[in-house]
Amino acid sequence: MALVVATALLAPAAVVHATRVGDVTHLQGARHNKLVGIGLVCGLNGKGDGGKFAPAIRPLVQMLANFSNPAAVEELKDAKNVALVSIEVTLPEHGVREGDALDVHLTAIGAAKSLVGGRLFLAPLQGPNKKDRRIFAMAAGAVEVPDPKSPTRAVVRRGAIMERDVVHHYISDGAVTLVLSDVHASWAMAATIAQIINEDQSAVGQSDAIARAVDPKNVAVTIPPAERADPAAFLARIESLELLMPASEARVVINRAKGTIVVTGDVEIAPVWFSQNGLTIQTVQPPFDGTPENPVVTESTVAKLDVSGRPSAKLNDLVAALNRLRVPAERMIDLVETMHRTGRIHARIVYEDP
């Protein structure tokens with residue numbers, strides 16, 4: 001994995017646009033659904049599963065029979081150009097219509113060494129619910145391997161064609177719920193959003209409050225009776241309302257798969273001494289400038305934190321120091337997690353999905 005890419009606190013900059021309600025929330029009901037299936041990739045130039053891998057040979061026998069070209073299992077013992085793959089398609093969060101084309105992700109199941117140069121044979125896709133056996137899409141097409149280091153994982157661009165609509169419903173009993181993104185979820189933010197909505201509706205003659213913060217992540221909004229004939233216009237108005245952002249909660253967002261640490265808010269770290277595999281970290285408040293009797297010695301394995309003009313060190317000081325030492329992503333994330341567990345980092349850690 002490459003060295004960590006750390007995004008620390010940004011200096012004040014020109015505002016491109018104000019933050020809107022729709023920037024930090026989504027409607028409950030909007031979600032990324034999955035379609036799944038099993039299929040065969042052909043044309044692998046001898047790098048497939050091989051004739052001894054029965055789970056791949058059985059569907060190959062069935063496929064040939066379906067096209068009036070039956071073959072026995074023993075006749076396919078030298079079939080090395082075919083691989084059994086799992087198929088996955090992610091549907092857009094706002095649904096999809098019949099005829100839409102979506103990307104298909106493939107993963108080799110058996111002994112295949114590579115999917116390079118292959119082609120996915122037509123395969124049906126279903127939802128993950130075992131009780132729902134409807135076919136939602138059909139997938140087929142030329143295989144593309146984006147990462148040469150992972151030749152058994154591949155993509156078929158726009159290879160899944162929807163056979164059914166998947167439509168989400170957002171309104172229930174005349175109300176919707178605005179769901180805050182994880183990085184913005186807090187009582188302060190939920191209360192701010194509810195207040196902004198109520199103030200906007202008051203300005204257009206709505207006397208009763210229609211929005212309330214249910215918890216740090218959810219804001220319930222009742223659609224006024226006069227707006228229910230055209231809820232799209234009302235929801236568009238709500239999502240476009242500008243927010244006066246409350247003070248940012250101090251958070252550290254970690255994505256292990258990508259090797260990233262993102263620091264938001266003003267994350268402080270307490271005095272700490274840390275050593276791991278030859279790496280030594282020490283912070284002192286106030287910073288120590290050294291004396292003739294105790295000079296400051298610079299070593300390549302020691303990260304010096306610059307806290308000039310501030311009463312305490314910040315996490316972005318530590319991140320910057322570790323980056324200068326070219327500390328690998330895994331070690332940097334381990335260090336941050338250890339410091340958090342011991343109470344040395346005054347912030348909440350949030351983990352991002354890969």
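The values are calculated or read from the model by the stated rules, or taken from the named source; none is laboratory data. Predicted, not measured: the structure shown is a model, and the values here were computed from it. Every residue, glycine among them, receives a Cβ derived from its backbone with ideal geometry; neighbour counts consider all protein chains shown.
Points to keep in mind about this one:
- Matching entry among Ala11, Ala79, Ala18 (being at pLDDT below 95, closer than 30 Å to Gly141 by Cα and aliphatic (A, V, I, L, M)): Ala79
- Filter result (polar (S, T, N, Q) and in contact (Cβ under 8 Å) with a residue 60 or more places away in the chain) within segment 312-341: Asn316, Asn323, Thr338
- Those residues of segment 57-85 which are in contact with a strand residue (DSSP E or B) (Cβ under 9 Å, 6 or more places away or on another chain) and of a type in the set (Gly, Ala, Ser), in sequence order: Ala83
- Flag for Ala111 being assigned to a loop (DSSP other than H, G, I, E, B), touching a helix residue (DSSP H, G or I) at 6+ places or on another chain (Cβ under 8 Å) and not β-branched (Val, Ile, Thr): no
- Subset tally (residues that are part of a loop (DSSP other than H, G, I, E, B) and more than 30 Å from Val179 (Cα to Cα)) for segment 54-98: 12
- Candidates Ala233, Ala229 - the one that is on the phi < 0 side of the Ramachandran plot, in a loop (DSSP other than H, G, I, E, B) and not β-branched (Val, Ile, Thr): Ala229
- Yes/no for Leu243 being buried (at least 16 other Cβ atoms within 10 Å of the Cβ), modelled with pLDDT of 75 or more, closer than 30 Å to Val179 by Cβ and out of contact with any strand residue (DSSP E or B) (no Cβ under 6 Å at 6 or more places or on another chain): yes
- Condition check for Ala257: in contact (Cβ under 8 Å) with a residue 60 or more places away in the chain, assigned to a loop (DSSP other than H, G, I, E, B) and more than 22 Å from Thr25 (Cβ to Cβ): yes
- Whichever residue in segment 160-215 is at pLDDT 90 or above, of a type in the set (D, E, K, R) and in a loop (DSSP other than H, G, I, E, B) and, among such residues, is surrounded by the fewest Cβ atoms within 10 Å (Cβ to Cβ): Asp173
- Hey, Ala220 outside the structural domain of Thr90 (by TED's automatic domain parsing) and over 24 Å from Thr19 (Cα atoms) or not: no
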